[in-house]
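Beneath this line is the structure, given in structure tokens, with notes to follow.
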Amino acid sequence: MSSRARILLIGYRKFSELINSVLPEYKDEAEIIIVESVASGSVDYQALVKEHKPDVIASAGSNAAFLQNSLKVPVIAQPVTDTDIVDAVARARRIAERVHVFTYAAVPESEGRLFTALPALLGGSLRHQSYATTDEAAEKLLAMAAAGSADVVVGPSYICELATRRGLPAVLIYSRESARSMLDEALRQARVRSAERDTAQSPGRFVIDSPQMSRVAELARTYSRGSAAVLLQGESGTGKEHIAREIHQASDYRNGALVAINCGSIPNELFESELFGYVDGAFTSSRRGGRVGLVEQANGGVLYLDEVGEMPLSQQVKLLRVLQERSVRPVGSTRELPLDFKVIAATNADLQEAVDAGQFRDDLYYRLNVFTLRLPPLRERPEDVEAIAEHYLAEYARQYEVDLDVAALMAQLTGPFLGYRWPGNVRELQNFAERLAVNAAQGVAVDQLELEELLPELSAVQPARQMPAGLLKEQECRAIAEAMQRFAGDKNAVSKELGISPTTLWRRLKEMDLNQDFGTDGAGNKKSNQHSRG
């Protein structure tokens, strides 16, 4: 997903001033373009959309209604709450006694209890009128001004501008809180559209040609039903995110967002505010108006927990509670928000081994492991290699606008590709395809591409494939034993030195029976299976 949303705001002067007053709170999350305009057929809004390429548009009142009927881009309307009306009328009463309130309504409204009660509550006289179009609003305001029936006007930005031109003081009916509510909803919808766009633009529908992956796809469709969690296991680059998208699109939650969280990248001190959100004033540096957390953004959709095996134990217990209760409490709030979403978790680690090693909570593991899909590495499904390569070569040829003879190129590549171990799996094959297409885009003919130069990985020695299994195991054990001796049993240091995960190291040491020789996990890393199960 894109890091910053693009929001186009269309409204009149006071609306723009109000939005500008809260813009600093959104500078890290959104690029917001403000265009001052009263929506009408005389303005080419399609041209504005083409120029600014917004994810969503935000506006208010009749402006928003006009734009919603004219454009395909989602248009978010600024809400007006009873609190906004009471506050605006109270401010108007401090200016003059006779107040006239204008509100937008798609159809004529009968006088509500709020407007009936306000004169008794705030004093003075109050008149209220609703309108459906800007022309109707202008007519009603001109009639009011001609009759001299009010000393101060309350209404949306356009009404305020018309009143000011006729020498009447005016109070904007919207508040900063309603502006934040509109921008928050615009951000939420922008993220959904961004995720959909990234999915559509990513070169890569999920290409399947092997019986193994055909079975995975069949199970994915089955597991997409209902709200039960799905655990995707497989090496990096095998296509776990593709399968997550397939499940999302086939699920009952397809109309909601697919919200991805990289579980290994969120610092402990930011975990709760990022995932659960926070309310206004929750902590010193919190944004005014609060923030919607990633979990709440997935409400009605799918929460995708990428690299869930990398999540620290301290964070696992907080996530577990949300998954159990299906509710979230934003930081600083006393209110639980009920949620409905489907969970898809992905990992390249063996979570059962991590549970055995005390590095992953067993109760969270069982919560995630309702349905399991194992994605085989590319080297185990050679039938897919040629099909995937042809697909990506064609995709990148279109992207880089090059006339690439895919069949001729594949004639040179099929042999080397089938003999390669693909340590980076599908992602590596995709990279190879882009590398070849880019070079072909420079005008190099297919038969003149230097494959050994462009794809040196294909000719590199692959020891894991050529070395006998027994000899490889012996060398691995010797390397682990030497590293354990050199780092005095510090398993964190050993795993970093050897480039293997702590879980794999723990399993190897158990097989080698070296744990007893070196005691605990090393300095600052004592193993404990007594973590909370709350």
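Table for the structure above
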quantity: Net length gained if the chain between residue 398 and residue 69 were fully extended (0.36 nm per residue, minus Cα distance); calculated: 115.0 nm
quantity: Cα gyration tensor of segment 336-403 - equivalent ellipsoid semi-axes, whole Å, descending; calculated: 37, 20, 10
quantity: Heavy-atom accessible area per residue - the chain, 1.4 Å, Å²; calculated: 49 Å²
quantity: Candidate aspartates and glutamates - alpha carbon under 13 Å from residue 72, same-chain residues fewer than 8 apart omitted; calculated: 55
quantity: Rounded percent of accessible protein surface that carbon and sulfur make up, the chain, 1.4 Å probe; calculated: 48 percent
quantity: Gain on full stretching of the segment that runs from residue 327 to residue 52 - 0.36 nm per residue minus C-alpha separation; calculated: 95.3 nm
quantity: Among beta bridges that DSSP assigns inside the chain, antiparallel share in %, nearest 5; calculated: 10 percent
quantity: Centre separation in Å (Cα based) which lies between segment 137-198 and segment 324-367; calculated: 43 Å
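The values are calculated or read from the model by the stated rules, or taken from the named source; none is laboratory data. The structure displayed is predicted, hence computed values, not measured ones. The accessibility values were calculated without ligands, DNA or RNA, using every heavy atom of the protein model including side chains. Shrake-Rupley method; radii C 1.70, N 1.55, O 1.52, S 1.80 Å.
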